[in-house]
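One structure is given below, encoded as structure tokens.
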Amino acid sequence: MMILLSICLLAQPTTCREDKIDLSYEASNPFICLRNSQSALATWQAAHPEWHVERWRCAARGSQPKNL
């Protein structure tokens, strides 16, 4: 599983892009992803303080959509 992010720069809110967080397990259960997503998002946000997460969602590996 992975978490797909839509992120924008704090200093320039119109500058946005997509990113992803690869989770360390292979389970494709969305509930497990949702349960673990808050800590993964907090860790990502702490490592990227110049960015703000606008949207996010869980997705199975190999099924990454074109747009978040």
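Once all protein chains are placed together, residue 17 keeps about 100 Å² accessible to a 1.4 angstrom probe. Taken along the Cα-to-beta-carbon direction at a fixed 7 Å, the label points for residue 47 and residue 19 span 0.9 nm. Helices in the chain, meaning DSSP H runs of at least 4 residues, each add -39500 (n - 2.57). Divided by all residues, the mean residue ellipticity at 222 nm is -9000 deg cm²/dmol. Solvent-accessible area of residue 56, all protein chains in place: 90 Å² (probe radius 1.4 Å, heavy atoms, ligands and nucleic acids excluded).
The values are calculated or read from the model by the stated rules, or taken from the named source; none is laboratory data. Being a predicted model, the structure only gives us computed values, none of them experimental. Methodologically, a virtual Cβ is constructed for each residue, glycine included, from the backbone with ideal geometry; neighbour enumeration extends over all protein chains shown. What goes into the accessible areas is simple: the full protein's heavy atoms, side chains included, and nothing from ligands, DNA or RNA. Shrake-Rupley method; radii C 1.70, N 1.55, O 1.52, S 1.80 Å.
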